[in-house]
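Below you'll find the structure, written out as structure tokens, and then a few comments.
The values are calculated or read from the model by the stated rules, or taken from the named source; none is laboratory data. Values in this document were obtained by computation on a predicted structure and should not be read as measured data. Note that we place each Cβ from the backbone using ideal geometry, even for glycine, and neighbour counts take in every protein chain shown.
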Amino acid sequence: MRFTLPLLVACALLALHARAQGAHETDVPRLSNGKPNFSGVWQALTTANWNLLTHGASAGPPEYGALLSTPPGYGIVDGDEIPYLPAAAEQQQRNYENRFKDDPELKCYMPGVPRANYMPYPLQIFHSDDRMLVAYQFAGAARIVNLGKPQPSAIDSWMGVSNAHWDGDTLVVEVIGFNGQAWLDRAGNHASSALRVVERYKLAGSDAIDYSATLEDPKTFSRPWTMHFRLVRNPDRRAHLMEFKCVPFTEQLLYGEFYKRTAK
Amino acid sequence: MSMKEQAKVVLCATLAIAWWSFAGTADAHHAFSTEFDASKPVTLRGTITTVEWINPHAFIHLDVKRDDGVVESWMIEAGSPNTLVRRGLTRDSIPPGTQVVVFGYRHRNGSNTANGRDVTLPDGRRLFITSPGTGAPAAPDSAQ
Amino acid sequence: MKSYLVVSIALPLALTGFLADAQTARTPWGAPDLQGTWSNATLTPLQRPAELKDKEFFTPEEAKAYVRQRLSAVSGDENIQTDKQSGNVGSYNDAWMDRGNDVVPTRRTSLIVDPKNGRVPPFTPDAQRQFERDQAHAKEHPADTPEDRYLTERCIVFGGGKAPMFPEPYNNNYYIVQTPDYVTIMAELNHEVRIIPIDGRPHFPSQVTQWVGDSRGHWEGDTLVVETTNQKTNRHFYGVQMLDSLMSDKFRVVEQFTRTAPDQIRYRATVYDPVFTAPWTVELFMHPQTGDLVEYACHEGNYGLKGLLSAVREDEKHAAEGKK
């Protein structure tokens, strides 16, 4: 009988521990190493790909009527402004005026980071203990997120080099090595090859990721600025990315002047 | 020569012929002979102004001074930079101002473009140094 | 009695230890672990050269000699003078290339293991006629539009990005990541991502075709078996390096990935296509790649295709002017 009290206490402690563990573990999906598991098919609920800032509806090329018009939407940028340096602000204006010709999205070029995350198409994350691959449906863009020792960027790239570390349950990803050729949206917002992006991914329950990205580029912006939005999980667990290779759809546009005249 | 040695020589020769007829120095994805003119070899002595380390082909931009003193801009089409990156190349490895000699063939479209068939420093050393392939286990005694 | 106990306990334990070493690595959820960064570069040709007849395997000495000759034959640097004489434009210096350093570890004389002659089976008579028509068309129309050109030149897909996975002369690198429901392979060339669900979901309906096909996998013992269907058909599917061929919309591939050693994945792929008189199987080995994948943004920098089309247009113009 002298064991009863200690036994009861032990059981109570065990139950409390189990409950705490259970609450912790069922809160978000986790890998075997205890880290939050970002695997899944996700898509952003935002109109940021049209314009990062709050915008009303506007016309597209007239021959396409409503099809290529711009829908309205709330912006996702803290303070609802992008702090351009004067020359960069002029460049954004020029981009906007030529957006139906110069937007790299038109040419099926890779969208870069962070734009790839808020295009209106799904992305799929494959996340195991030591590895993470983010595949984007648009243009089959993809990036490896390095969870181990940080890697340098040897040459410029469209999707940058991504190095990540954990801050509690938040995955912090630093992206460097951009070539400065991607746009940030269809409104001509842009950055240079000096761009550095710090992303933060946090699971909000099991079906959403709270995402933020802080952009820093001393050649383009007078200060760093941050965007926030939510990525939502595709509820169909048997859905995965389908191929969206738009390159063949752009061949006429890009190479048409070199086609043989008698060809179709 | 013994029978065994004779057989080895025959095998060697056969393999060499078989391989040569099978695939010469053809580039993977691109019939360079369609783009560049075998009847128009060029040797360009120039100064690098910039290098685009891009895929599918890197482009080396050169200023070449003609005999009459006029400076021409040339684009030299080269390979994928990725293998060189694995061998240690970075965006700063070949700075503007580097003097090079390029042997190649002129583009059929008439522009000042050539393939970088052989790119050397003025003293004759190759600009891009070959070293064993990355990642693959090397055969002992294999040529490099 | 004691020694019997020792043997009956110790021996199985020892064996388990031995088997554990020989056993394939496992993911935390118990599946064979294929993850890593791998290369499938090799100097072994797809088909056994005709001159080798029935010779299925090289001896170690023959393999070494073959490697030396192969590296020499494909070397741009070594062949500059002979190329000049034969009017071969070539490409560029060897340093840009990475075809591999060795033949396959089995020393087989071809990647094709079946048929036994190491060569792709013949076409059916109908397929042969179609192939000849295609060749004739290609001669007449080398570059009217990009659709006449190879899928690699168009930056649509490369040899290692789809099934069967064939190496190219460089960048034959792959990043494999696994989750309980997927094995996903990213190929460096064209940043290709092949997503292979392994939870038994069906293929896409037939109206969905993809340049990387549609793959579904399952484990058979320690081997990942992947079936690929819904492949977009194209005259140039097999590429320029490996095989000028033909394909039908009944094309199907079954691949097998087995982690045969900590530093090796054995890869087999069988092509089923009624244009051939029989299926054919290749065997390749993947070895670790110490570097990370480097971005290969192909379409974004594709001056080459523009150059190629403009070159052919210029040739046509000169030919037309010459005729006047």
(request) Could you identify the single residue in C:THR228, C:THR233, C:THR281 that is more than 16 Å from the chain's Cα centre (by Cα) and at negative phi? (result) C:THR233
(message) Of everything in segment A:20-41, what is among the polar types (S, T, N, Q) and modelled with pLDDT of 95 or more? Give them in sequence order.
(response) A:SER32, A:ASN33, A:ASN37, A:SER39
(message) Given the condition surrounded by fewer than 17 Cβ atoms within 10 Å (Cβ to Cβ), closer than 28 Å to B:PRO81 by Cβ, in contact with a Lys or Arg (Cβ under 9 Å, 6 or more places away or on another chain) and facing another protein chain (nearest Cβ under 7 Å), answer yes or no: does some residue in segment C:282-291 qualify?
(response) yes
(request) Test each condition in (1) touching a Ser or Thr at 6+ places or on another chain (Cβ under 8 Å); (2) modelled with pLDDT under 90 for C:PRO12 and report the one that comes out false. (result) (1)
(request) Sort out which residues of segment A:158-180 are over 15 Å from A:TYR211 (Cα atoms) and in contact with a Ser or Thr (Cβ under 8 Å, 6 or more places away or on another chain), and write them in order of number. (result) A:GLY160, A:VAL161, A:ILE176, A:GLY177, A:PHE178, A:ASN179, A:GLY180
(request) Among the candidates A:ALA57, A:ALA88, single out the residue that is surrounded by fewer than 18 Cβ atoms within 10 Å (Cβ to Cβ) and aliphatic (A, V, I, L, M). (result) A:ALA57
(message) Where the second residue is surrounded by fewer than 19 Cβ atoms within 10 Å (Cβ to Cβ) and small (Gly, Ala, Ser) and the first is without any contact (Cβ under 8 Å) to a residue 40 or more places away in the chain and lies in segment C:55-71, which pairs have Cβ atoms under 8 Å and are six or more apart or on separate chains?
(response) C:VAL67/B:ALA143; C:ARG68/B:ALA143; C:GLN69/B:ALA16; C:LEU71/B:ALA143
(message) Taking the conditions exactly as written (closer than 23 Å to A:ALA141 by Cβ, in contact (Cβ under 8 Å) with a residue 24 or more places away in the chain, surrounded by fewer than 16 Cβ atoms within 10 Å (Cβ to Cβ) and out of contact with any Asp or Glu (no Cβ under 6 Å at 6 or more places or on another chain)), does A:PHE100 satisfy them or not?
(response) yes
(message) Looking at segment C:25-40, can you tell me whether even one residue there is closer than 29 Å to C:HIS191 by Cα, at pLDDT below 95 and surrounded by fewer than 17 Cβ atoms within 10 Å (Cβ to Cβ)?
(response) yes
(message) Anything in segment B:57-73 that is buried (at least 21 other Cβ atoms within 10 Å of the Cβ) and either more than 7 Å from every other protein chain (Cβ to nearest Cβ) or farther than 24 Å from C:GLY291 by Cβ (or both)? List them, or say none.
(response) B:ALA58, B:ILE60, B:LEU62
(request) Name, by its number, the condition in (1) touching a residue at least 12 places away in the same chain (Cβ under 8 Å); (2) within 14 Å of another protein chain (Cβ to nearest Cβ); (3) assigned to a loop (DSSP other than H, G, I, E, B) that does not hold for A:SER206. (result) (2)
(request) Determine which member of the set A:GLU251, A:GLU243 is more than 17 Å from A:ILE76 (Cβ to Cβ), touching a helix residue (DSSP H, G or I) at 6+ places or on another chain (Cβ under 8 Å), crowded, with 16+ Cβ neighbours inside 10 Å and not hydrophobic (A, V, I, L, M, F, W, C). (result) A:GLU251
(request) Return a yes/no flag: does segment A:169-177 have any residue that is surrounded by 23 or more Cβ atoms within 10 Å (Cβ to Cβ), within 15 Å of the chain's Cα centre (by Cα) and either under 26 Å from B:ALA58 (Cα atoms) or not hydrophobic (A, V, I, L, M, F, W, C) (or both). (result) yes
(message) Among the residues of segment C:188-236, what is the count of those that are surrounded by fewer than 20 Cβ atoms within 10 Å (Cβ to Cβ) and modelled with pLDDT under 95?
(response) 3
(message) Of all residues being at the interface with chain A (Cβ under 7 Å from one of its Cβ atoms) and among the hydroxyl-bearing types (Ser, Thr, Tyr) in segment C:169-195, which is nearest to C:ASP98 (Cα to Cα)? Just the residue, please.
(response) C:TYR175
(request) Examine segment A:84-94 for a residue that is without any contact (Cβ under 8 Å) to a residue 60 or more places away in the chain and among the polar types (S, T, N, Q), and state whether such a residue exists. (result) no
(message) For segment C:292-304: of the residues being within 10 Å of chain A (Cβ to nearest Cβ) and in contact with a His (Cβ under 9 Å, 6 or more places away or on another chain), which is nearest to A:ARG131 (Cα to Cα)?
(response) C:LEU293
(request) Take C:ASN93 and decide whether it is at the interface with another protein chain (Cβ under 7 Å from one of its Cβ atoms) and either under 23 Å from the mean Cα position of the chain (by Cα) or among the charged types (D, E, K, R) (or both). (result) no
(request) Examine segment C:118-133 for a residue that is farther than 24 Å from B:ARG86 by Cβ, within 14 Å of chain B (Cβ to nearest Cβ) and not hydrophobic (A, V, I, L, M, F, W, C), and state whether such a residue exists. (result) yes
(message) Testing C:GLY87 on (1) facing chain B (nearest Cβ under 10 Å); (2) of a type outside the set (D, E, K, R); (3) within 19 Å of the chain's Cα centre (by Cα), one condition comes back false. Which one is that?
(response) (3)
(request) Scan C:THR152, C:THR109, C:THR82 and give me the residue that is more than 7 Å from chain B (Cβ to nearest Cβ) and in contact (Cβ under 8 Å) with a residue 12 or more places away in the chain. (result) C:THR109
(message) Kindly evaluate C:ARG133 against the criterion of being within 19 Å of C:PRO164 (Cα to Cα), modelled with pLDDT of 90 or more and among the charged types (D, E, K, R).
(response) no
(request) Please list, ordered by first then second residue, the pairs with beta carbon atoms under 6 Å, 6 or more apart or interchain, first in segment A:237-264 and at the interface with chain C (Cβ under 8 Å from one of its Cβ atoms) and free of Cβ contacts under 8 Å to residues at least 12 places away in the same chain, second in a loop (DSSP other than H, G, I, E, B) and of a type outside the set (D, E, K, R). (result) A:TYR259/C:THR145; A:ALA263/C:THR145
(request) Could you please tell me which pairs satisfy a Cβ distance under 7 Å, a separation of 6+ or placement on different chains, a first residue in segment A:28-49 that is more than 12 Å from chain C (Cβ to nearest Cβ), and a second residue that is polar (S, T, N, Q) and buried (at least 20 other Cβ atoms within 10 Å of the Cβ)? (result) A:ALA44/A:ASN117
